[in-house]
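The values are calculated or read from the model by the stated rules, or taken from the named source; none is laboratory data. These figures come from a predicted structure and were not determined experimentally. As a convention, Cβ positions derive from the backbone with ideal geometry for all residues, glycine included, and neighbour counts pool all protein chains shown. The accessibility values were calculated without ligands, DNA or RNA, using every heavy atom of the protein model including side chains. Shrake-Rupley method; radii C 1.70, N 1.55, O 1.52, S 1.80 Å.
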Amino acid sequence: MLIMVTGGSGSGKSEFAERCCMELCPREKIYIATMQPFGKEGAARIQRHKKLRAGKHFQTVECYTDLEKLILNAQTTLLECLSNLTANEMFTNGLNEKQTVEKILSGIWHLQKQTKHLVVVTNDVFCDGISYEQETVQYMKALGEANVQLAAMADIVCEVVCGIPLFLKGNKMEYSLLTVGEMDHNYIAANWK
């Protein structure tokens, strides 16, 4: 099963994605970290995410580019996150928009063949209305296209807004699998009449 979790910065998407993985597999899981530790802010963010994962049975694998080279042995894998991976592929490897999207989707396909459940976190970076330099616009276009194609491939697509998961694709049975635990069942039942 391929699950796409999207949302804006600070929306709670990472916490939701981790919870999905824990419900799908309480045992050992793989966490693919794509954020390169640039500067103090980046290092602090990485440490925060590691603390949030503590005790959740995630084995962290750092992979900044080239997902297609990873060899996994896991029932459940969390890829965090597509926006970092897109930037890494585009700017580290010097790929254009089309090459970046193709490489990312090829890597996701490769991971999907190796794991029963793949949860991919991505960002919504398109709503701020700010004008950017051409290089950033190209990155945003590549991420947008990767998101569109990933959503088409995914069994479940969920947007997290202010900590609330809004399911955009999938069926009720799949939703109920992901909503056990801390989720408010009344909220979910009210939204799936």
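Does segment 1-72 classify as rounded, prolate or oblate by the C-alpha gyration tensor (a ≥ b ≥ c root eigenvalues; a/c under 1.5 gives rounded; else a/b over b/c gives prolate, otherwise oblate)? Rounded, since a/c falls under 1.5. Between the Cα long axis of helix 13-24 and the first principal axis of the chain there is an angle of about 50°, rounded to the nearest 10.
With each label modelled as a point 7 angstrom along the Cα→C-beta vector, the Met153-Val137 pair spans 2.8 nm.
Computed on the chain, with alpha-carbon pairs under 8 angstrom and 6+ residues apart, the relative contact order is 34 percent. Convex hull volume per residue, computed on the Cα atoms of the chain, equals 120 Å³. Estimated at 0.36 nm per residue, the fully extended path between Phe38 and Lys116 surpasses their Cα-Cα distance by 24.9 nm.
Counting only lysines at least 8 places from Lys40 when in the same chain, those with an alpha carbon closer than 20 Å to its own are Lys50, Lys51. Other residues with beta-carbon under 10 Å from the beta-carbon of Ile104 carry, at +1 per Lys or Arg and -1 per Asp or Glu, a net charge of -3.
How much area per residue is accessible in segment 1-136 when the probe is 1.4 Å and only protein heavy atoms are counted (Å²)? So segment 1-136 comes to 51 Å² accessible per residue, rounded to a whole number.
Couplings 3J(HN,Hα) of segment 142-154, computed from phi: 5, 5, x, 5, 4, 4, 4, 6, 5, 4, 5, 6, 6 Hz, in residue order, whole Hz [Karplus 6.51 cos²θ - 1.76 cosθ + 1.60, θ = phi - 60°; x for Gly and Pro]. Under 5 Å between amide hydrogens, built in the peptide plane, is the criterion, and for Thr60 it picks out Tyr31 among residues at least 5 positions away or on other chains. Here the sum of -39500 (n - 2.57) over DSSP H runs of 4 or more residues, divided by the residues of the chain, equals -13500 deg cm²/dmol at 222 nm, to the nearest 500. Summary of packing: across the peptides 53-60, 152-159, 85-92, the per-residue average of other C-beta atoms within 10 Å ranks them, highest first, as 85-92, 152-159, 53-60.
Which links in Lys69/Lys98; Lys29/Lys103; Lys29/Lys141; Lys69/Lys169 stretch past 26 Å when you go from one Cα to the other? Mind showing how you got there, number by number?
Numbers: Lys69/Lys98 20 Å; Lys29/Lys103 24 Å; Lys29/Lys141 31 Å; Lys69/Lys169 29 Å.
Cα-Cα > 26 Å for Lys29/Lys141; Lys69/Lys169; rest within.
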